[in-house]
Amino acid sequence: MVDTLGLMLGIVVHPANVQDRDGAAALLRRTRRAFPFIEVIFADAGYQGPIMAARVAKTGRWRLEIVKRHDVPRFEVVPKRWIVERTLAWISHFRRLTRDFERYARSVVAFIRLAMIRIMLRRLTRSA
C-alpha cells in the first residue's frame, strides 16, 4: 500500500497461491493502525467485489474506490492506477529486488523496506 506520492505505507508478502484480494486483509489491518487518518483507498479491478468491500468496511471509515482503466487500443496513463506501478518500478531498480531470489517472505519485506528507505532518504537529502 502506497500513498499518493508513491511512498510505502504498508507491505505484506504472501505466497503465489494466495490472490492479492485475499491477502489484503492483513495489510488493511496493519496499515489502519499506523495511518488512521486515511479516508480513501484507490484500487484496481482485481480488488473489486463484495468480499473486499466487507474487509475494507471492517477496518473503519475507509472507502474503497475502484479505478477502472480506459478501453483504448493504445497505452494511456490513468493517474490513480499509475501510482503503484511507478513505485514498483522504483523498487525494481535495486538489484536484489529485480528477481524473486529470496527464500522467506520476511526477507523480501525487509529488502523492500530498505529500498523504500533509501528512496525516501535520497528525496529528503536532494538539494533544492
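The values are calculated or read from the model by the stated rules, or taken from the named source; none is laboratory data. Fair warning: this is a prediction, and the values are worked out from it, not measured in the lab. Positions of Cβ are backbone-derived with ideal geometry, glycine not excepted, and every protein chain shown enters the neighbour counts. Heads up: the accessible areas ignore ligands, DNA and RNA and are worked out on the full protein's heavy atoms, side chains in. Shrake-Rupley method; radii C 1.70, N 1.55, O 1.52, S 1.80 Å.
A few notes on this one:
- A DSSP coil position with no more than 15 other Cβ atoms inside 10 Å describes the following chymotrypsin sites (Phe, Trp or Tyr not before Pro) in region 49-126: Phe75, Phe94, Phe101, Tyr104.
- Comparing region 1-105 with the 2.2 N^0.38 Å rule of thumb, its C-alpha radius of gyration ratio is 1.14 (two decimals).
- Our note on the geometry: Cα centres of region 34-76 and region 79-97, 19 Å apart.
- Full-stretch length increase - Ala34, Arg118 - with 0.36 nm per residue and alpha-carbon distance subtracted: 28.2 nm
- Modelled spin labels at Ala110 and Val78, positioned 7 Å past Cα toward Cβ, are 3.7 nm from each other.
- Accessible surface, the chain, averaged per residue in Å² (probe 1.4 Å): 75 Å²
- Cα-based shape type of region 1-52, given that a ≥ b ≥ c are square roots of the gyration tensor eigenvalues and the cut on a/c is 1.5: prolate
- Accessible surface of region 15-128 [probe 1.4 Å, protein heavy atoms]: carbon and sulfur percent: 55 percent
- Most fluctuating residue given options Ala25, Ala115, Ala34, as computed from a GNM of the chain linking Cα atoms under 10 Å: Ala34
- Between Ala16 and Ala57, the modelled label-to-label distance comes to 3.5 nm, taking each label 7 Å out from Cα in the direction of the beta carbon.
- Net +/- balance of residues flanking Pro79 in space, Cβ distance below 15 Å, scoring K and R +1, D and E -1: 0
- Along the chain, longest interval not containing exposed GluC sites (Glu not before Pro), exposed being DSSP loop plus at most 12 other Cβ atoms within 10 Å: 77-128
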